[in-house]
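**Q** Provided herewith is a single structure, encoded as structure tokens, for subsequent inquiry.
The values are calculated or read from the model by the stated rules, or taken from the named source; none is laboratory data. Quick caveat: nothing in here was measured; it's all calculated off a predicted structure. Neighbour counts run over all protein chains shown; Cβ positions are idealised from the backbone, glycine included. SASA here: full protein model, heavy atoms, side chains in, ligands and nucleic acids out. Shrake-Rupley method; radii C 1.70, N 1.55, O 1.52, S 1.80 Å.
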Amino acid sequence: MPRFAQLVMGPAGSGKSTYCSTIQQHCEVLNRSVQVVNLDPAAEYFDYPVLADIRELIQVDDVMEDDSLRFGPNGGLIFCMEYFANNFDWLADCLGHMEDDYILFDCPGQIELYTHLPIMKQLVEQLQQWEFHVCGVFLVDSQFMVESFKFVSGVMAALSAMVSLEIPQVNIMTKMDLLNKKAKKEIEKYLDPDMYSLMQDSTETWKSKKFKKLTKAICELVDDYSMVRFLPFDRSDEECINIVLQHIDFSIQYGEDFEVKEPKEQDDNTEDPSASMQFFQGSVAD
Ligand SMILES: Nc1nc2c(ncn2[C@@H]2O[C@H](COP(=O)(O)OP(=O)(O)OP(=O)(O)O)[C@@H](O)[C@H]2O)c(=O)[nH]1
Ligand SMILES: [Mg+2]
């Protein structure tokens, strides 16, 4: 049986831990087993029950207090993640092997982990060796996406993760519940962006010709290959959570090899038309 995993990534404060807890609760209601692993050695607060917590392996505070290492918070976190990458056996022990594993990995917010350091790639390769189908879930805070140049920077961060990890990736715009109606309408153009027109919106204010040229080249590249798209995530909207989950499940083929359930035996042998519908009920739970 394959196992399934979401690698929940994104800049600091983009809503990764909240996303994990929302999805976990949502799946609990659907009677679907989803577990969460905290991979942030600096995490102070999250409200989901954990299957494993990296802080049991190593903590940033301990690394920072070590006189021989003398790291600050960021260096300390990278050190912890490198230590983790050298100790994947710890994760293997924590995960065990259950039927139908579906695990969310709540990752740290340091963006360098997804752009040029090899740690997350090593984690992905290890998970794949353990038969996990892994989907990258990249979160970006919708509050920062209301202007085109900020949007381009979010797009580039998401692309970096996509290119360096080489796994299916779903990009999500979080905290949509905080937007008012007007801002929601405004942000729609960023969900499935037309990069050419977004660029036109902003070029007036740019003075540097080189900056304009570079941005134009980036926008053309992203647009021509339809590389980045965002799904809105409003944690207060069940339908919205469902759509996000369906996209991710589809990308890792979750539910495709579920066995079709046999119809329940009828006591009186009478033909019930609704029984034929129940025959297919064993596919995807949502
Ligand atoms: N209203 C609202 N607030 C949110 C949402 N997601 C996150 N927040 C808030 O944003 C803040 C940061 O959320 P976290 O889930 O801790 O973000 P994170 O990405 O895990 O942060 P780091 O682990 O520090 O990188 C918290 O105060 C959350 O309550 C959301 O969908 N809606
Ligand atoms: Mg967090």
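**Q** Scan VAL163, VAL134, VAL124, VAL140 and give me the residue that is under 30 Å from ALA52 (Cα atoms), within 16 Å of ligand 2 (Cβ to nearest atom) and not in a loop (DSSP other than H, G, I, E, B).
**A** VAL140
**Q** Hey, can you tell me all the residues within segment 29-68 that are surrounded by 12 or more Cβ atoms within 10 Å (Cβ to Cβ), part of a loop (DSSP other than H, G, I, E, B), away from ligand 2 (no atom under 12 Å from the Cβ) and among the charged types (D, E, K, R)?
**A** The answer is ARG32, ASP66.
**Q** Just the residues that are under 13 Å from the mean Cα position of the chain (by Cα), touching a residue at least 40 places away in the same chain (Cβ under 8 Å) and within 9 Å of ligand 1 (Cβ to nearest atom), please, taken from segment 10-29.
**A** Correct list: GLY10, PRO11, SER14, GLY15, LYS16, SER17, THR18, TYR19, CYS20, THR22.
**Q** Can SER21 be described as within 16 Å of ligand 2 (Cβ to nearest atom), small (Gly, Ala, Ser) and at pLDDT 95 or above?
**A** So SER21 fits the description; yes.
**Q** So in segment 222-241, with the set limited to residues that are open to solvent by 60 Å² or more (accessible area, probe 1.4 Å) and assigned to a helix (DSSP H, G or I), which one is farthest from ligand 1 (Cβ to nearest atom)?
**A** ASP224
**Q** Could you go through segment 69-79 and let me know if any residue there is more than 16 Å from ligand 1 (Cβ to nearest atom), on the phi > 0 side of the Ramachandran plot, open to solvent by 80 Å² or more (accessible area, probe 1.4 Å) and assigned to a loop (DSSP other than H, G, I, E, B).
**A** The answer is yes; a qualifying residue exists.
**Q** Which of the following residues is away from ligand 1 (no atom under 16 Å from the Cβ) and touching a residue at least 12 places away in the same chain (Cβ under 8 Å): ILE58, ILE54?
**A** ILE58
**Q** I've got another one for you. Which pairs turn up if I take residues in segment 93-112 that are more than 20 Å from ILE58 (Cα to Cα) and look for partners that are β-branched (Val, Ile, Thr) and more than 16 Å from ligand 1 (Cβ to nearest atom) with beta carbon separation below 9 Å, at least 6 apart in sequence or on another chain?
**A** As it stands, the answer is TYR102/VAL34; ILE103/VAL34, since those pairs meet every condition given.
**Q** Pairs, please: C-beta under 9 Å, at least 6 apart or cross-chain, first residue more than 25 Å from ASP100 (Cβ to Cβ) and in segment 132-157, second of a type in the set (Asp, Glu)?
**A** Listed by first residue and then by second, the contacts come to VAL146/GLU186; GLU147/ASP201; SER148/ASP201; GLY154/ASP141.
**Q** Return yes when GLU44 is without any contact (Cβ under 8 Å) to a residue 12 or more places away in the chain and more than 16 Å from ligand 1 (Cβ to nearest atom) and no when it is not.
**A** no
**Q** Could I ask something else about it? Hey, can you tell me all the residues within segment 92-114 that are away from ligand 1 (no atom under 16 Å from the Cβ) and either assigned to a loop (DSSP other than H, G, I, E, B) or buried (at least 16 other Cβ atoms within 10 Å of the Cβ) (or both)?
**A** LEU95, GLY96, HIS97, MET98, GLU99, ASP100, ASP101, TYR102, ILE103
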